[in-house]
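To keep things clear, I will list the structure first and then write my remarks on it.
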Amino acid sequence: MRVIWDWSSVVSDITLILNAVEQGDLKVAEELLPLVYEELRKLAAYRMAQEQPGQTLQPTALVHEAWLRLTGDANVQFEGRRHFFAAAAEAMRRILIDRARQKRSLKRGAGAERVRLDDLQLAAAADDETVLQVDEALTKLTKEDPDSAQFIKLRFFAGMTNAEAAQALGISERTARRHWSFARVWLFREIRKQSSE
Amino acid sequence: MADTPLSLRAIFDVASEIASGAGRQAYLDQACRDDASLRANVEELLRVEESAGGFLADRKHEATIQIAPVTEGEGDRIGRYKLLEKVGEGGCGVVFVAEQTEPVRRRVALKVIKLGMDTKQVVARFEAERQALAMMDHPNIAKVLDAGATEKGRPYFVMELVRGIKITDYCDQNNLTTKERLDLFIQVCQAIQHAHQKGIIHRDIKPSNILVTLHDGVPVPKVIDFGIAKATEGRLTDATVYTQLHQFVGTPAYMSPEQAEMSGLDIDTRSDIYSLGVLLYELLAGSTPFDAQELAESGLDAMRKTIREKEPVRPSTRLATLKGDELTTTAKRRATEIAKLLHQLKGDLDWIVMKCLEKDRTRRYETANGLAIDLRRHLHNEPVMARPPSVAYRFQKAFHRNKLAFTAGLAVAAALLLGIVASSWQAMRAKRAEALALQSRSDAEKLSNFMLDDFYTQLEPSGQFDTVAALARRAVAYYDSLPASLRSLDTERNRALAQARLALVTAQQGDAKAALPIAQETVATLERMRPQGDQSEETAFAMGLALKAQYLCYRIQGDAPSLAGSLQKGTDILRPFAISAGGSRRIKLEYASLLNYLSYLQPPEQGLITCEQALQILAGLGALDLSDLSAASVWAGTADTEARLALKIGRLDDAERLEKQVQPLAEGVLARRPSDFMARQDLSMAPDVLAMIEARRFHDTDALRLATQSRQAIQDYLRFNPLDAHASRVLANQVYHIAALLFRQGHASEALQNAHAATQVDGASGHGVPVPAPRLWAEMADWEAQRGNRGAADQALQEARHFIDANAIRKQVTEIAHEISVMRFDDAERRVRMAFGEDAAVYTRATNALPRLVQLRGSEHDPEVAALLLLWQQQALDEAARAALNLSRYTEAEAAAGALLSLPSQPGDVSERSYWDRPEDMDWGLVLLAEAVLKQGRRAEALKTLEPALAHYHDAQAKGAGFLAFRQHFARALYVQALAEDSDGGGTARSREALAQAVALLQGLTDEARQLHDSKELLSWIAAAQKKLNPATEEKK
């Protein structure tokens, strides 16, 4: 199996940005997001073309693959890595939310026509309402406790395990567990509150 | 902590770890104080936690990506081709039979590549190679005719239509013999040779690209897809790994190491030779060298590593390790019997295949033709070019290129053998082949012993613990499976050895919880054996290992009181064997390594002697001239221990001399054995001792440089061996030392930054070992308080408390270790309060803490714990004395200072705090006492008390001491002196001089350090005293 993929141009862009992040220039994080977003879309589209119809993929595999391809994992230091994964989770989140919103509006309008965002069929296995609810609650959690909210993004939208998310954020697994148990309960309460309103 | 309310999050974190009930309520009472809404909020969350169930925890909730269908289908037209029938679908594309109408009417195979993008590049690359492809004309090559892009934008290729099946399937379905298989394979080689001569590399040789068709009943292999790999060239990706499609999964198994490298640039014809080798392997032995499924599931990096580094087993070996029925089937498919098939492969064919599979392509066949010729030689019983490498060559190769895989491979082989022997034991007996069974049993046991014992010295330094653990586990299971009739003292000993080794490696991996019960069981077993008259060396050796494992577990768990006993017992048992002239190397080595551990638990003077004993034994084994690398490694570790002991009792020159021998020796070991993690560890920790020595000499700049160097070295080491829990803690310590050094030099904010960094270095081992976080946070609380940041100080205290509670809740520390942590916390809290003027509270709390400290220290036998208890006692008395002075309660101050002076002096650096910060404890006690005495009007006594302290301080100053605590203490001594001198009448000149000196000392601090609470306070007192004393006419105090 051979793959058609020309990464050379994006690779240098992203490594440059990540290295700048490393040196503390935080503005570049904004530049990072669209690039990572675009690459994930492309990669997902490509993977979609590769696989048997009906198969599903874990986004975490996608994100890690993107990371490996982009950086070779060698030239970018820790800070860059953290920013990359944060950006990837944010990108995933936007794709999922766009899709869920679009589907919701379609349901209210024309009906069951299949939604296509370019070729991308990124979907939460959870139903769209849950995705939107979690996202809304997450926005609130960000104000209460930004660290655990960031952590949940990696888990929920980028499909990472606790251990993977901990590694991506450079925190200990203990801290990860603390984030997890707090955020989970907090979100649960928030969503319950929303739904009863 | 009265000022900063805790956040919802902080309270929840702690409360959720406490079981609901009174304990939790008590915590909430304290944490939420009067904030009812906060409390309601937390309680609601805690209630919700109980009902949240699997919310989000279920992976079903997480995002996935759904795959949409591919769209071209039968009946569609692509360019001038009409799709007739879909004949295959694989990972990289769908294959159709298509009809071409012009220029000629014919049927072709059309392959649509399943890629969504970059079609133009694929077609362009194909066009570039088109001419070369057109020049290929060979009966065993299917021509690639055309390429283009479909309307949907996917690239496609048109090829000569071959109606055939995969070569491996063809061979198996028709039960082709080995010779028939070789005949077919030789034709494939010729086809590849032809292409290579035209300058075309296939790059993707695998069974599904070699189809066999029948021409007049004669099988003809056809190589398809030439040129496609190059046109669709890209890098190996996870796509090939994660998919579940078999066609896909197959690919990495055929990939050459240089392809797996993913450089993408450096592929030549020898890459095809490698893939041919894999194909031949599969044709002969029924499977690929590396299991395709396993490879695919191992993840991209692991897969690449395997292909690049792992040495495959020979085809015949691979065959022999198949399970019974698989083996029978494989033989049947080759129309032969197991024994015959094995015989056919052993020798020539093994070596021919292995020559193709060389990682270093210069060692492979130069050409496909060369491979074909060698196969023909074999078929004609002529000597082949591929030669079995000599044992020495194999060894050298394995150790130079891939030591780990090699040793691991041997260990796996031993484990396998044990399994085979155990399972075939009954069968063999039934066949009355008892002699044979006994022989193989004894072989298996010998091999396993060799691996667990002699060869272990090769495995251990490279950190191959998993392999050893697996083997040891297997061996224990094997001995357990033996029927009672076959058990003997020997098998029991062997079992104990295997079990002891298992305990030891598990402990060395940092998993004390798992290791301890195994170690204890082993010790118990061995103890049962010894009184029965088993005084053999084997049993003693196994006992030594088990006790060492037990010690390591205790050390990991911080169970200080239990430490020395097991080590002492171990050394006692090994000693007679180790010191006898005929004692074996392994027992001497083990004995020396036990002595090394033991020495650090002894009083320093005794420990030094123990170390010397160990060093002597190791030197006798050839440690110093590096003729025994393991001994050299232990020598370096022991010398490091001895240096630390010498440092404890202030023998700085001895410590330095020893430590400077550690470095060259460890470097020597590493040069010869780069994977020796123990030598690497010693090397990385050597600068740490040198840093402490320099700090003790007041060479702070050198100390800081060395400590930074040490941090770097330990970080490097941890990259090499990230599982080393001990090293993680040393690293955290080192970062802390750097922070402490910075603080001591007056760089408070930088110190805090470093301390924050150190809190990140926790739990790297993943085994949940307690981390030094409570100490760090406690120290940071003190520093923040000194800087006047009450909020930050309280927050640090909160963090410290959290870790202490968490450790206790998880039962990761012993009770005594927990109590010591709490005492440390109490101390930090008192110091914070003191910095904010809460002297009355500090005095009460400090004096209340004393009885328990005295009680504990009285019953404590472990020197390190006792030293810590002594330190907290000193601290409490120091705080009580200072608080009492501030409160003008001078008799109490005198009592506290007197008690401080009555304590034994600390032997140097036993606790890092007294070492880095307070080298002059006794003198400081004198200063406090003098002040208390003076304030009660006993001036002469005060001066007399002060005298020795001042002498020491002057002396230290002459030697270059100038760090923060020193300047503060010395300045306060001078301040007390000034007050005392002055009260004598007529002494104002000396008083003024003393005050001026004190001011100069404090002015010598950095700006930041002058702003610290203790400095500021002292400066204000001095200023007040100067004001009072300066006007010559004033009444004297």
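The values are calculated or read from the model by the stated rules, or taken from the named source; none is laboratory data. All figures in this text were calculated on a predicted structure; none of them were measured in a lab. Here Cβ is always computed from backbone atoms with ideal geometry, including for glycine, and neighbour counts include all displayed protein chains.
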Enumeration of residues in segment A:170-195 that are without any contact (Cβ under 8 Å) to a residue 24 or more places away in the chain, in a helix (DSSP H, G or I), within 8 Å of chain B (Cβ to nearest Cβ) and of a type outside the set (D, E, K, R)
A:SER181, A:VAL185, A:PHE188
Expected output for segment B:211-225 (first residue polar (S, T, N, Q), partner surrounded by fewer than 18 Cβ atoms within 10 Å (Cβ to Cβ) and assigned to a strand (DSSP E or B), Cβ below 7 Å, 6+ apart or cross-chain) is B:THR213/B:VAL220
Every listed condition ((1) surrounded by 19 or more Cβ atoms within 10 Å (Cβ to Cβ); (2) more than 24 Å from B:PHE803 (Cβ to Cβ); (3) of a type outside the set (S, T, N, Q)) holds for A:LEU169 save (2)
All-but-one check, A:LEU96 against (1) at pLDDT 75 or above; (2) within 12 Å of chain B (Cβ to nearest Cβ); (3) under 18 Å from the mean Cα position of the chain (by Cα), failing number (1)
Among the residues of segment B:488-535, how many are at pLDDT below 80, of a type in the set (D, E, K, R) and assigned to a helix (DSSP H, G or I)?
2
Output yes when any residue across segment A:127-139 is buried (at least 21 other Cβ atoms within 10 Å of the Cβ), modelled with pLDDT of 85 or more and either in contact with a strand residue (DSSP E or B) (Cβ under 6 Å, 6 or more places away or on another chain) or within 9 Å of another protein chain (Cβ to nearest Cβ) (or both), and no when none is.
no
Unmet requirement for B:ASN140, which otherwise passes all of (1) at pLDDT 85 or above; (2) buried (at least 22 other Cβ atoms within 10 Å of the Cβ)
(2)
Scan segment B:592-605 and tell me whether some residue there is polar (S, T, N, Q), within 17 Å of B:GLY668 (Cβ to Cβ) and surrounded by 24 or more Cβ atoms within 10 Å (Cβ to Cβ).
no
Checking the structure you have, find out if any residue of segment B:788-801 is modelled with pLDDT of 85 or more and touching a Leu at 6+ places or on another chain (Cβ under 7 Å).
yes
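B:ARG501 - would you say it is at negative phi and crowded, with 24+ Cβ neighbours inside 10 Å? Working first, answer last.
Details: at negative phi: yes; crowded, with 24+ Cβ neighbours inside 10 Å: yes.
Against the criterion (at negative phi and crowded, with 24+ Cβ neighbours inside 10 Å), B:ARG501 qualifies.
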Report, ordered by the first and then the second residue, all pairs with beta carbons closer than 6 Å, sequence separation of six or more or different chains, a first member in segment B:804-818 that is within 13 Å of another protein chain (Cβ to nearest Cβ), and a second member that is modelled with pLDDT under 70.
B:ASN807/B:PRO770; B:ASN807/B:VAL813; B:GLN812/B:PRO770
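Could you tell me how many of the residues in segment B:346-371 are in a helix (DSSP H, G or I) and surrounded by 21 or more Cβ atoms within 10 Å (Cβ to Cβ)?
Narrowing segment B:346-371 to residues in a helix (DSSP H, G or I): B:348-356, B:361-363, B:368-371.
Checking which are surrounded by 21 or more Cβ atoms within 10 Å (Cβ to Cβ) leaves us with B:348-350, B:352-356, B:368, B:371.
Total meeting the criteria: 10.
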